[in-house]
Amino acid sequence: MGQARAGEFDDFVAARWSVLLHLARLLVGGDRHRAEDLLQESLVKLWFAWSRVGEEAPEAYVRKVMVRAAARSGQRRWWGERPVEQLPEAATVGDVSSDVAERSRLEAALAQLTSKQRVAVVLRYYQDLPEGQVAATLGCPVGTARSHAARGVARLRQILADVIEPVQ
């Protein structure tokens, strides 16, 4: 759609928004949120049909789309939301500092690996790619990629074990 046509659509929406929203509210029984959703969906359909109906009767087209959509939605049994007397408790966010510290420790340990070992470990165990794809990414045979990954994991275990001191 050209700029002029898009401008005509914008002008139509700006001029008729409140009237169409009022109609949508009446169609859905007064629920403003459902009315806004209904109107938005109808305007999207109008946007795609604007080149055909923009000069003739865009408001009639939107009304027809809204009425049909409202009738279809009225036949549904469940809306996905139900009002309740008391809101549920909000999820509490715990202390994430230990997660951040663990992630930082792992990143520091990964930085100590050779680049091929780091790539092999990350692709194989973090991205969960098969050994063939890891080998293709590294540009080496599968056995070499497997070796890089195994040596990288062994080195990570050594680095991380040095940092963690056993509790006595």
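The values are calculated or read from the model by the stated rules, or taken from the named source; none is laboratory data. Remember, predicted model here, so these are calculated numbers, not experimental data. Note: ideal-geometry Cβ built from the backbone for every residue, glycine included; neighbour counts use all protein chains shown. For accessibility, only protein heavy atoms count, side chains too; no ligands or nucleic acids. Shrake-Rupley method; radii C 1.70, N 1.55, O 1.52, S 1.80 Å.
Whenever a residue of the stretch 42-62 is assigned to a helix (DSSP H, G or I), its partners that are surrounded by 19 or more Cβ atoms within 10 Å (Cβ to Cβ) and among the hydroxyl-bearing types (Ser, Thr, Tyr), lying with C-beta atoms within less than 6 angstrom and at least six residues away or across chains, give the pairs Val62/Ser42. A search for C-beta distances below 9 Å between a residue of the stretch 6-23 that is within 18 Å of Ala49 (Cα to Cα) and any residue that is not in a helix (DSSP H, G or I), counting only pairs 6+ apart in sequence or on different chains, returns Glu8/Gly54; Glu8/Glu55; Phe9/Met1; Phe9/Gly54; Phe12/Gly54. Just checking, does the stretch 74-93 include any residue being within 30 Å of Leu38 (Cα to Cα), part of a helix (DSSP H, G or I) and open to solvent by less than 90 Å² (accessible area, probe 1.4 Å)? Checked the stretch 74-93: at least one residue is within 30 Å of Leu38 (Cα to Cα), part of a helix (DSSP H, G or I) and open to solvent by less than 90 Å² (accessible area, probe 1.4 Å).
Every residue, every condition in (1) open to solvent by 80 Å² or more (accessible area, probe 1.4 Å); (2) modelled with pLDDT of 90 or more, yes or no:
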{"position": "Met1", "(1), (2)": "yes, no"}
{"position": "Ala4", "(1), (2)": "no, no"}
{"position": "Val13", "(1), (2)": "no, yes"}
{"position": "Arg16", "(1), (2)": "no, yes"}
{"position": "Gly30", "(1), (2)": "no, no"}
{"position": "Glu36", "(1), (2)": "no, yes"}
{"position": "Glu56", "(1), (2)": "yes, no"}
